1. Condition (residue is at pLDDT below 80 and assigned to a strand (DSSP E or B)) applied to segment 33-42: is it met by at least one residue?
2. So which residues in segment 111-131 are without any contact (Cβ under 8 Å) to a residue 24 or more places away in the chain and either out of contact with any strand residue (DSSP E or B) (no Cβ under 8 Å at 6 or more places or on another chain) or farther than 22 Å from residue 64 by Cβ (or both)?
Amino acid sequence: MKFSYVTFYLEPGKNFDFSYKLQHLIPAEVNKKVFSKGKSTNQTEWEIRFNVSSSIMKKDFELTLDDIGKKNIVKNYFFNFSYQKVKHKKEPVLEFVKLLFDGIKSLNGVEYIIDMDNLEKVKENILKMIEKNPEKYYDKQ
């Protein structure tokens, strides 16, 4: 299995100060330490893509399956979460990472077998990396 998040949709006039480095870090760590060992429940090798979307109208996160690309065996999920819940936190990047990992966790047992212990370790490691070097993962303009 392979994991990625490829797009980030925001409402007009809204933004997050996240660096592109965060978009590379999370899938790299998840793929290397979690999904390299993961399997789908039907033993098919899938690529899982999260299309990240944030809205001021959302109260909590929601994960929905958009479509399945049969040729490439790709599953596109829309990961929708509250703009307000993340933007107004002291450390928005940390809150985003926590929510994103909650989304990944919600896939466990539905169609995928995910090593939850490794997933938690990867999340904690990423949070520590961000806390140690926040300027690397924030794009302050």
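1. Yes: segment 33-42 contains one or more residues that are at pLDDT below 80 and assigned to a strand (DSSP E or B).
2. If we filter segment 111-131 for residues that are without any contact (Cβ under 8 Å) to a residue 24 or more places away in the chain, which is where we start, we get 116-117, 120, 124, 128.
Of everything in segment 111-131, those that are without any contact (Cβ under 8 Å) to a residue 24 or more places away in the chain and either out of contact with any strand residue (DSSP E or B) (no Cβ under 8 Å at 6 or more places or on another chain) or farther than 22 Å from residue 64 by Cβ (or both) turn out to be 117, 120, 124, 128.
Residues are listed down the side, and each one gets a yes or a no for (1) hydroxyl-bearing (Ser, Thr, Tyr); (2) at pLDDT below 90; (3) surrounded by 14 or more Cβ atoms within 10 Å (Cβ to Cβ):
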| position | (1), (2), (3) |
| --- | --- |
| 100 | no, yes, yes |
| 121 | no, no, yes |
| 124 | no, no, no |
| 133 | no, no, no |
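The values are calculated or read from the model by the stated rules, or taken from the named source; none is laboratory data. What you see is a predicted model; the values in this text were computed from it and never measured. So basically every Cβ, Gly included, is an ideal-geometry build from the backbone, and we count neighbours across all protein chains shown.
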